[in-house]
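Since the structure comes first, as structure tokens, the remarks are kept for the end.
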Amino acid sequence: MAGSKPYYITTPIYYVNDVPHIGHAYTTLACDVLARFKRLDGYDVKFLTGTDEHGQKVEKSAMAKGVDPKAFTDGVSQNFRDLAKAMNFSNDDFIRTTEDRHRRAAQALWKRLTDNDEIYLGSYAGWYAVRDEAFYGEGELTKSAEGKLTAPSGAEVEWVEEPSYFFRLSAWQDRLLAFYEDNPDFIAPDSRRNEVLSFVKGGLQDLSVSRTTFKWGIQVPGDEAHIMYVWLDALTNYITAVGFPETDHGEYANYWPADLHMVGKDILRFHAVYWPAFLMAAGLEPPKRVFAHGWWTNEGQKISKSLGNVIDPYDLVDQYGLDPVRYFLLREVPFGNDGDYSHRAMIGRMNGELANSLGNLAQRVLSMIAKNCGAAVPRHGDFTDEDKNLLGMAQGLHGRTRQCLDRQSFHDALEAIWVVVRAGNVYVDHHAPWVLKKSDPARMETVLYVLAETVRYIGILLQPFMPQSSARLLDQLAVSPNHRTFDFAGEGHALVPGTDLPPPSPIFPRFVEEEGGAS
Ligand code: ME8
């Protein structure tokens, strides 16, 4: 949108060693909701996701399957694109680190770092965890029950000794601390910010940023024996996608620095320490904010392939429908905290909040209008204080949800919407339009108009969370597609009395357990 404010949001780029699971869907869903919200709020949004395709971990996975890494990554990367479609994600770009545009950007960033004398050649001798693609100090390791040395993440480490280029990270400690101090919103939530601060205060060591013992990566410019460390390669994707190394005009000039990098708590250090240091060292601006969300477990257990309890997003969508899954994931857990997935919790949200609360409100209002108001938007009289109170709550939703989402507080945004849903149900019961039908039909029309307007606000604000269901809801209120943005003050936005409405049909189904218990 020409002239509107830019908003650039990114997901991590996912490793292609694995099929996508609920954790990947969760991070991208959170970004999707923010991207959709900002678009409706008039921003020029760029929403990026993609796949991280280089490094030892991916090379090993390809070898284990007996295929060439490129062919392997083509296949798995496609799975992530398919997931985006299945989850109705609205990403504007999908980046793969094996693309040419990315190799150019990563090598250009490397060159800037060497030109600025931020990289030097040395040799690395230390511990490396392929699963995390990360280096660890001796002091961080523990012995597993099987006697193997493991990193804090639980990943096994191996001893590595090889020539390596190093990034002068140790020289960035004070400048990073000053940067965090000047930008208190850079790391969220606060608990995570404190973790990062104490890590950096504890002292930083120079970081090994190249490898020589395998080939699957981007070559270090001017030294064929080395490939770039996969995290330096991967982090660069965020500027590749806005046209780096071109910085003076085009997308970089418009969108960088990114407004938000959304990540899981496992990879916060890379985004909140290494990435701003690399960028500042290259003379580029760091992103504005990194949010590290929590971890999902399955019925109380850590999700892992070996436990065989990986939650497949496709299964969830098949079982419950897409929008209930999108709703559940962002409603169930305060964003930032860890969360536990369970069938019971899913059903609780789906039946209690979607079918009973919202579904019931919409269905009651729409079917009463269909039966008693000639299937058209009711003609209202003067509004009472109670009418104005409910309308005021509905009108306040835009500001309240915006405030919540600017803090990435998805659960609070949904709760704010449900406060109005519940108030709508209380209002219906209190004013009993089915009684007014006989005693005061004109008042009945006013009451139903107030309710229809309330449902309209709810439908518009829910679009980022449940795009399909809210579109159906707004269709049933005959809200034209160009009146679905957050420009509530715009002309013709409020429902126009007398407008014909289509026949209502229920939008939020109840989940009914099959005979014999949970499926
Ligand atoms: O780390 N709960 O990729 P990755 C919640 N390629 N979120 C989860 C999750 C869970 N159980 N499991 C995974 C990488 N995630 C790098 C990133 S970025 C420049 C490079 C999500 O495939 C969460 O967002 O291991 C986590 O940070 C990400 O998947 C890790 O994905």
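The values are calculated or read from the model by the stated rules, or taken from the named source; none is laboratory data. Bear in mind that the values here come from a model prediction, so they are computed numbers and not experimental data. Note that each Cβ is placed from the backbone with ideal geometry, even for glycine, and that neighbours are counted across all protein chains shown. Heads up: the accessible areas ignore ligands, DNA and RNA and are worked out on the full protein's heavy atoms, side chains in. Shrake-Rupley method; radii C 1.70, N 1.55, O 1.52, S 1.80 Å.
Across every direction, the projection of the convex hull enclosing the Cα atoms of the stretch 440-483 has a mean area of 3.1 nm². Each part gets one Cα centre, and for the stretch 346-364 versus the stretch 74-151 those centres are 42 Å apart.
Which is the longest run of the chain containing none of the GluC sites (Glu not before Pro) found in DSSP loop states (not H, G, I, E, B) with at most 11 other C-beta atoms within 10 Å? The partial results should precede the final answer.
On the way: sites that count: Glu146, Glu491, Glu513, Glu514, Glu515.
The answer is 147-490.
Counting Lys +1, Arg +1, Asp -1, Glu -1, what net charge surrounds Val365 among other residues with beta carbon under 15 Å of its beta carbon?
Numbers: positive: Arg364, Lys371, Arg422, Lys437, Arg456, Arg472; negative: Asp387, Asp429, Glu445, Glu453, Asp475.
Taking every Cβ under 15 Å from that of Val365, the sum is +1.
The figure for His24 is an accessible area of roughly 30 square angstrom, using a 1.4 Å probe on the protein chains alone. Counting Cα-Cα pairs of the stretch 91-185 in 5 Å increments starting at 0 gives whole-percent bin shares of 2, 10, 12, 13, 16, 20, 16, 7, 3, 0. Once all protein chains are placed together, Asp174 keeps about 110 Å² accessible to a 1.4 angstrom probe. For the stretch 269-374, the square roots a ≥ b ≥ c of the C-alpha gyration tensor eigenvalues yield an a/c of 1.5 or more together with a/b not exceeding b/c, which makes the shape oblate.
With every protein chain in place and a 1.4 angstrom probe, the accessible-area ranking of Asp82, Asp52, Asp117, Asp248, largest first, reads Asp248, Asp117, Asp82, Asp52.
Straight-distance candidates among the lysines for linking to Lys371, with alpha-carbon spacing under 22 Å and chain neighbours fewer than 8 residues away dropped: Lys437, Lys438.
Estimated from the Cβ-Cβ distance and a Förster radius of 45 angstrom, the FRET efficiency linking Asp338 and Trp434 is about 0.50. For Trp231, the solvent-accessible surface computed with a 1.4 Å probe is close to 20 Å², ligands and nucleic acids excluded.
Dividing the radius of gyration of the alpha carbons in the stretch 325-369 by their Kirkwood radius gives 1.13 for Rg/Rh. Between Ser123 and Ala345, the distance separating the two model label sites (each 7 Å from Cα on the Cα→Cβ line) works out to 5.0 nm.
Can you compute the label reach from Asp115? Point 7 Å from Cα along the Cβ direction, backbone N cut-off under 14 Å, restricted to the stretch 83-106. Hits in the stretch 83-106 for Asp115 at 14 Å: 105-106.
Computed from the mean reciprocal separation of all distinct C-alpha pairs, what Kirkwood hydrodynamic radius does the chain have, in Å? Display every interim value, and only then the final one.
On the way: mean 1/r = 0.0396 Å⁻¹.
About 25.2 Å, per the Kirkwood formula over Cα pairs.
Distance between the modelled labels on Ala376 and Glu140, one decimal in nanometres: 6.9 nm (7 Å Cα→Cβ projection).
When N is the residue count of the stretch 140-267, what does its C-alpha Rg come to as a fraction of 2.2 N^0.38 Å? Display every interim value, and only then the final one.
Values: Rg = 17.7 Å, N = 128, 2.2 N^0.38 = 13.9 Å.
Relative to the rule-of-thumb radius for its length, the stretch 140-267 sits at 1.27.
Using the Cα centre as the reference, give the magnitude of the dipole from point charges on the C-beta atoms of the stretch 275-348 (Lys, Arg: +1; Asp, Glu: -1; all else neutral), rounded to the nearest 20 debye.
Details: 7 positive and 9 negative charges, 52 e Å.
Here the size comes out at about 240 debye.
Multiply the residue gap between Trp418 and Arg101 by 0.36 nm, knock off their C-alpha separation, and tell me the result in nm, one decimal place. Intermediate values should be presented prior to the final figure.
Numbers: separation 317, 0.36 × 317 = 114.12 nm, distance 4.45 nm.
Extra length available between Trp418 and Arg101 comes to 109.7 nm.
For the chain, give the share of DSSP beta bridges that are antiparallel, in percent and rounded to the nearest 5; count only bridges with both residues there.
Working: 25 of 49 bridges.
Bridges in the chain are about 50 percent antiparallel.
Each Lys and Arg contributes +1 and each Asp and Glu -1, all at the Cβ; summed about the Cα centre of the stretch 136-184, the dipole is approximately 60 debye. Scalar couplings 3J(HN,Hα) for the stretch 4-15, obtained by applying the Karplus form with A = 6.51, B = -1.76, C = 1.60 to θ = phi - 60°, are 8, 5, x, 9, 10, 10, 10, 9, x, 8, 8, 5 Hz; x denotes Gly and Pro.
Whole-Hz Karplus values for the stretch 330-335 come out as 9, 9, 5, 10, x, 5 Hz, taken residue by residue from phi with 6.51 cos²θ - 1.76 cosθ + 1.60 and θ = phi - 60°; glycine and proline positions read x.
Rounded to two decimals, what is Rg over Rh for the stretch 343-493 when you use alpha-carbon atoms and the Kirkwood radius?
Working: Rg = 15.3 Å, Rh = 15.9 Å.
Radius of gyration relative to Kirkwood radius: 0.96.
Computed over neighbours whose Cβ is under 13 Å from that of Ser208, the net charge equals -2, Lys and Arg +1, Asp and Glu -1.
The local environment of His54, defined by Cβ-Cβ distances under 13 Å, has a net charge of +1 under the rule Lys, Arg +1 and Asp, Glu -1.
Secondary-structure-derived ellipticity at 222 nm for the chain, considering helices only, amounts to -13500 deg cm²/dmol, per-run term -39500 (n - 2.57) for DSSP H runs with n ≥ 4. Only Lys, Arg, Asp and Glu carry charge here, each on its Cβ (+1 for the first two, -1 for the last two); on that basis the chain has a dipole of about 980 debye about its Cα centre.
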